[in-house]
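Q: So that we are looking at the same thing, I have put the structure below in structure tokens.
The values are calculated or read from the model by the stated rules, or taken from the named source; none is laboratory data. Here the structure is a predicted model, which is why all the values come from computation and not from measurement. With ideal geometry, Cβ positions are generated from the backbone for all residues, glycine too; neighbour counts draw on all protein chains shown.
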Amino acid sequence: MTRELSNGVVHKVPADLRKILTKDKQAGKIWQDLTPLARNEWICWVTSVTLPVTRKRHVQRVRTELREGMRRPCCWYGCPHRTDKPVSPSVQNLVLNKKLIKRKE
């Protein structure tokens, strides 16, 4: 039986994250207690990486860090996909710099 998990503001819970949060009842309960915005940031943090190995680590870290009491990803500049508010200039700079670095690689 798959337990229903709440989504974020913009993002839906991806299958890999849903699987681990469903298996770990404590982490799943904490997930349900998060605000939609906090859930959205965790989801975006997981889905924004490009390498599969990094994504797997991020999914594992969500579970671990929720259990350790973290409510949002550490050092995350926030989801750039939100349309309900403008992206701050500092986040725009971070995203732009990240794109420029990827082009150089």
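Q: Could you list, in sequence order, the residues of segment 48-71 that are in contact (Cβ under 8 Å) with a residue 24 or more places away in the chain and surrounded by 17 or more Cβ atoms within 10 Å (Cβ to Cβ)?
A: Those that are in contact (Cβ under 8 Å) with a residue 24 or more places away in the chain and surrounded by 17 or more Cβ atoms within 10 Å (Cβ to Cβ): 55, 59, 62, 63, 66.
Q: Out of all the residues in segment 52-64, is one or more in a loop (DSSP other than H, G, I, E, B) and either touching a strand residue (DSSP E or B) at 6+ places or on another chain (Cβ under 6 Å) or modelled with pLDDT of 90 or more (or both)?
A: no
Q: Out of (1) at pLDDT below 95; (2) surrounded by 11 or more Cβ atoms within 10 Å (Cβ to Cβ); (3) not charged (D, E, K, R), the odd one out for residue 32 is which?
A: It is condition (1) that residue 32 fails.
Q: Take the residues in segment 1-13 that are more than 19 Å from residue 70 (Cβ to Cβ) and either under 10 Å from the mean Cα position of the chain (by Cα) or of a type in the set (D, E, K, R) (or both); name whichever of them is surrounded by the most Cβ atoms within 10 Å (Cβ to Cβ).
A: Within segment 1-13, the match that is surrounded by the most Cβ atoms within 10 Å (Cβ to Cβ) is 12.
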